[in-house]
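Working notes, structure below.
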Amino acid sequence: MPLTFDDLLERAASLVRPGRRALLGIAGSPGAGKTTLAEQVTRTLNGDGEPWVVHVPMDGFHLADVELARLGRPDRKGAPDTFDAAGYAALLARLHGDEDDIVYAPGFERTLEQPVAGSIPVPPTARLVVTEGNYLLLGDRPWPRVRSHLDEVWFCDLDETERVRRLVARHEEFGKEHEEAVTWVLGTDQRNAELVAATRGRADLVVPASAMPQVGAEA
């Protein structure tokens, strides 16, 4: 039987065990639908009751533009070395430890293209944290520290033509002209996408497009 979104919900919920918080990672290349899937899993599992699932994106650990400029990497934004991977791993360890009354995680503001500190509260009632990002399965240090704190990692598998289309549309939505968006997607984003695609075999589950929510331009 083909994998369905309901199957994903059941699998995500089953990660939670009595007395411990579970962390689910969703990986995939830029534009593959990671954010939409994470948001839909979170929203659907929470339903209308007391929220027990929280979405904490890796994008909150983007280095700020001022730091990318200092490092000489503004044209590499989105590459593995433009994230605070060690800081992200430390947050995941803290979330998995489940010892604090509340943990504040950073978010990412798309209109500013900048991380925003302390914008996502994770209360003790949160039993499942869904986190998503390109490099959850990357083998280069320090990224394996990220994987070590995740109970399971899924990989979003989307047709390449559709992934590129969505990604171009997303860049246009947030201010790039069409030609600029295409150049960025086929340059910087494509190099990153190839790195991510090579990690597909390390995932616990490959999620086909048929099991993902239908989206336009997504992360």
- Within region 87-100, count every residue that is without any contact (Cβ under 8 Å) to a residue 24 or more places away in the chain and surrounded by 14 or more Cβ atoms within 10 Å (Cβ to Cβ). 2
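Return the residues of region 152-180 that are part of a strand (DSSP E or B), closer than 12 Å to Gly28 by Cβ and in contact with an Asp or Glu (Cβ under 8 Å, 6 or more places away or on another chain); say none if nothing qualifies.
Restricting attention to region 152-180, the residues satisfying the condition of being part of a strand (DSSP E or B) are 152-157.
Keeping just the survivors that are closer than 12 Å to Gly28 by Cβ gives 153-157.
Answer for region 152-180, where residues must be part of a strand (DSSP E or B), closer than 12 Å to Gly28 by Cβ and in contact with an Asp or Glu (Cβ under 8 Å, 6 or more places away or on another chain): Val153, Trp154.
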- Task: Please name all residue pairs, on different chains or six or more residues apart, with Cβ atoms under 6 Å, provided the first residue is in region 15-29 and is under 24 Å from Val196 (Cα atoms) and at pLDDT 95 or above and the second residue is in a strand (DSSP E or B) and of a type in the set (Phe, Trp, Tyr).
- Result: Ile26/Trp154; Ala27/Phe155
- Query: Before we move on, is Ala13 farther than 26 Å from Val182 by Cα, touching a Pro at 6+ places or on another chain (Cβ under 9 Å) and assigned to a helix (DSSP H, G or I)?
  - Reply: no
- Message: So, in region 57-86, how many residues would count as being over 20 Å from Thr35 (Cβ atoms), assigned to a helix (DSSP H, G or I) and either in contact with a Phe, Trp or Tyr (Cβ under 6 Å, 6 or more places away or on another chain) or free of Cβ contacts under 8 Å to residues at least 24 places away in the same chain (or both)?
- Response: 8
- Task: Would you please name the residue that is surrounded by the most Cβ atoms within 10 Å (Cβ to Cβ), looking only at residues in region 30-50 that are modelled with pLDDT of 95 or more and either touching a helix residue (DSSP H, G or I) at 6+ places or on another chain (Cβ under 7 Å) or among the β-branched types (Val, Ile, Thr) (or both)?
- Result: Val41
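Only one residue in Asp59, Asp84 is closer than 26 Å to Arg165 by Cα and within 18 Å of the chain's Cα centre (by Cα). Which one? Outline the logic, then answer.
Numbers: Asp84 fails: closer than 26 Å to Arg165 by Cα.
Just a single option satisfies the conditions, and that option is Asp59.
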- Within region 101-143, how many residues are assigned to a strand (DSSP E or B), exposed (fewer than 13 other Cβ atoms within 10 Å of the Cβ) and of a type in the set (Gly, Ala, Ser)? 2
- Query: Given the conditions (1) in contact (Cβ under 8 Å) with a residue 12 or more places away in the chain; (2) surrounded by fewer than 19 Cβ atoms within 10 Å (Cβ to Cβ); (3) not aromatic (Phe, Trp, Tyr), which single one is not true for Glu160?
  - Reply: (1)
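The values are calculated or read from the model by the stated rules, or taken from the named source; none is laboratory data. All values derive from a computational prediction rather than experimental measurement. Every residue, glycine among them, receives a Cβ derived from its backbone with ideal geometry; neighbour counts consider all protein chains shown.
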